[in-house]
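A short worksheet on the structure shown next.
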Amino acid sequence: MAEPDGVMRGKLGDFFSISREKGSEGLPLLSVTMNDGLVRRDSIDRKTDSELEDGEHLRVRPGDIAYNMMRMWQGASGLATEDGLVSPAYVVIRPKKMIDPLFASYWFKSERMIYQFWAYSYGLTNDRLRLYGKDFTQIPIQLPPLNEQRRIAEVLADFDNAIEATDALVAAKQRHKRVLINQIFAPSIDLDLPIPLGWSRVRCDELASVVGGSTPDTTKSVYWGGDVPWCTPTDLTNLPSRYISKTARNLTQAGVSACSTSILPAKSIVLCSRASVGESAINTVPMCTNQGFQSLVPKQQSDLYYLFYLMRGCQRRLVRFSAGSTFLEFPGRELAQMPIVVPSSAEREKVGRVFAALDDEIDLMSARILALGDQRRGLMQKLLSGDSKHHRLIMEDAAV
């Protein structure tokens, strides 16, 4: 199977065996996930009990790879790092001596192999495609020698470790931020708490103007496609940071005038008042919103971040005074009259800066995660392309 150039060619059945080893009592139940591979079933949001006896499950051993027959063509496979039990509806494959298991787990998620898995799956429609074990073994492949497999796996694992470590830091800082928000804004979150010395109770509209939104006639093209961003709650979904600069749709000046909406100045707080009540962002450019917002325009720009994080802390309060039979919504007057407890202007600016700096760190680390992910995907495509000479050169330059 090994050629003079070191590349091994053959069929997957030459390099992997199908295991039907029965499970035994006391082993943990494992499940294949799309993004995280093979994980303990009780660690995910999925029903953990099984009507099957332990012996009716398949056993996986460290180094085995289990895959979901119906989703293998989408990348649903995972490497076992412990002894465990998996559904008998899965296929368990055991790498032979010339295959590095970690390399194989990456290789099976490469574009080249995903295409092969799709081509060898059977079914009339995509939702019925299945890659049976016997068909898996017939897929023709070529792969590098074992020592090169290990080097490739090490490089990709280094990226995964860096991503995982950075992700853990982001999660820790997010937790720290939530604790700080609950501590610092506690007198506004719970009005029954005593007011700290030097702080005062004010109405929200004493610090910011409350501005609603509107929607022009969607059938009139003259109102749409201009240069004024028009924000809807959907635009806040999955924002990479606390800032928003672009929206799915823009208004023309005619559209702005037609619905009598107001253009929020840059560095306002766009605040959802319906559906996703309390979701918010800071606009970096002037923009309008639809009627699903009651936004805040700070009267002092130094209050911007304080008010932004205060609203994050008071999200439950916003939900509590929301009402509606179809969806929850709070009116602008409720927000304007909402009592809050605040320190002096100078202290508000300090608090805002603390939270802004913390989010700046989170944004930088999140950007690093995205960059590492992009590099990892690019390396996977190149290192797992099957071109041995090509990825030897890449291996020399690869570094996390």
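The values are calculated or read from the model by the stated rules, or taken from the named source; none is laboratory data. The structure displayed is predicted, hence computed values, not measured ones. Cβ sites come from the backbone with ideal geometry, for glycine too, and all protein chains shown count toward neighbours. With ligands, DNA and RNA removed, areas are computed over all heavy atoms of the protein, side chains included. Shrake-Rupley method; radii C 1.70, N 1.55, O 1.52, S 1.80 Å.
On the stretch given as the range 223-247, residues that are open to solvent by 90 Å² or more (accessible area, probe 1.4 Å), in contact with a Ser or Thr (Cβ under 9 Å, 6 or more places away or on another chain) and more than 15 Å from Glu279 (Cβ to Cβ) total 1. Residues that are more than 26 Å from Arg175 (Cβ to Cβ) and surrounded by fewer than 17 Cβ atoms within 10 Å (Cβ to Cβ) were ranked within the range 346-381; the one that is modelled with the highest pLDDT is Ala346.
Does any residue of the range 203-219 turn out to be among the basic types (Lys, Arg), surrounded by 14 or more Cβ atoms within 10 Å (Cβ to Cβ) and touching a helix residue (DSSP H, G or I) at 6+ places or on another chain (Cβ under 9 Å)? No. Here is the figure for the range 100-134: residues that are over 21 Å from Arg376 (Cα atoms), aliphatic (A, V, I, L, M) and either surrounded by fewer than 14 Cβ atoms within 10 Å (Cβ to Cβ) or modelled with pLDDT under 95 (or both) total 3. When residues in the range 198-254 are screened for being assigned to a loop (DSSP other than H, G, I, E, B) and polar (S, T, N, Q), 11 of them pass. When Thr137 is tested against (1) of a type in the set (Ser, Thr, Tyr); (2) open to solvent by 40 Å² or more (accessible area, probe 1.4 Å); (3) under 29 Å from Gly10 (Cα atoms), exactly one condition is not met: (2). So for the range 54-61 (the condition being touching a residue at least 60 places away in the same chain (Cβ under 8 Å) and either crowded, with 22+ Cβ neighbours inside 10 Å or assigned to a loop (DSSP other than H, G, I, E, B) (or both)), does at least one residue qualify? No, there is no match, as no residue in the range 54-61 is touching a residue at least 60 places away in the same chain (Cβ under 8 Å) and either crowded, with 22+ Cβ neighbours inside 10 Å or assigned to a loop (DSSP other than H, G, I, E, B) (or both). Check whether at least one residue in the range 387-399 is in a helix (DSSP H, G or I) and at pLDDT 90 or above, and report yes or no. No, every residue in the range 387-399 fails to be in a helix (DSSP H, G or I) and at pLDDT 90 or above.
A quick yes/no check of all residues on (1) free of Cβ contacts under 8 Å to residues at least 12 places away in the same chain; (2) within 30 Å of Leu370 (Cβ to Cβ); (3) within 23 Å of the chain's Cα centre (by Cα):
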position	(1), (2), (3)
Ile181	no, yes, yes
Pro194	yes, no, no
Leu207	no, no, no
Trp224	no, no, no
Pro233	no, yes, yes
Leu236	no, yes, yes
Pro240	no, yes, yes
Ala254	no, no, no
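Which members of the range 250-262 meet the condition of being modelled with pLDDT under 95, open to solvent by 40 Å² or more (accessible area, probe 1.4 Å) and not small (Gly, Ala, Ser)? Of everything in the range 250-262, just one residue is modelled with pLDDT under 95, open to solvent by 40 Å² or more (accessible area, probe 1.4 Å) and not small (Gly, Ala, Ser), namely Gln253. Looking at this structure, is Ile340 among the β-branched types (Val, Ile, Thr) and either in a helix (DSSP H, G or I) or at pLDDT below 95 (or both)? When the stated conditions are applied, Ile340 does not pass them. Of the residues making up the range 179-190, those that are exposed (fewer than 13 other Cβ atoms within 10 Å of the Cβ) and of a type in the set (A, V, I, L, M) number 1. Applying a threshold of 7 Å to beta carbon distances and a minimum spacing of six or more residues, or different chains, the list of pairs starting in the range 263-276 at a residue that is at negative phi and in a loop (DSSP other than H, G, I, E, B) and ending at one that is charged (D, E, K, R) and buried (at least 16 other Cβ atoms within 10 Å of the Cβ) reads Ser273/Glu329. With respect to (1) modelled with pLDDT under 95; (2) within 27 Å of the chain's Cα centre (by Cα); (3) within 27 Å of Val256 (Cα to Cα); (4) assigned to a helix (DSSP H, G or I), the lone exception for Arg333 is condition (2).
The one condition from (1) over 25 Å from the mean Cα position of the chain (by Cα); (2) surrounded by fewer than 23 Cβ atoms within 10 Å (Cβ to Cβ); (3) closer than 25 Å to Pro145 by Cβ that Asp83 does not meet is (3).
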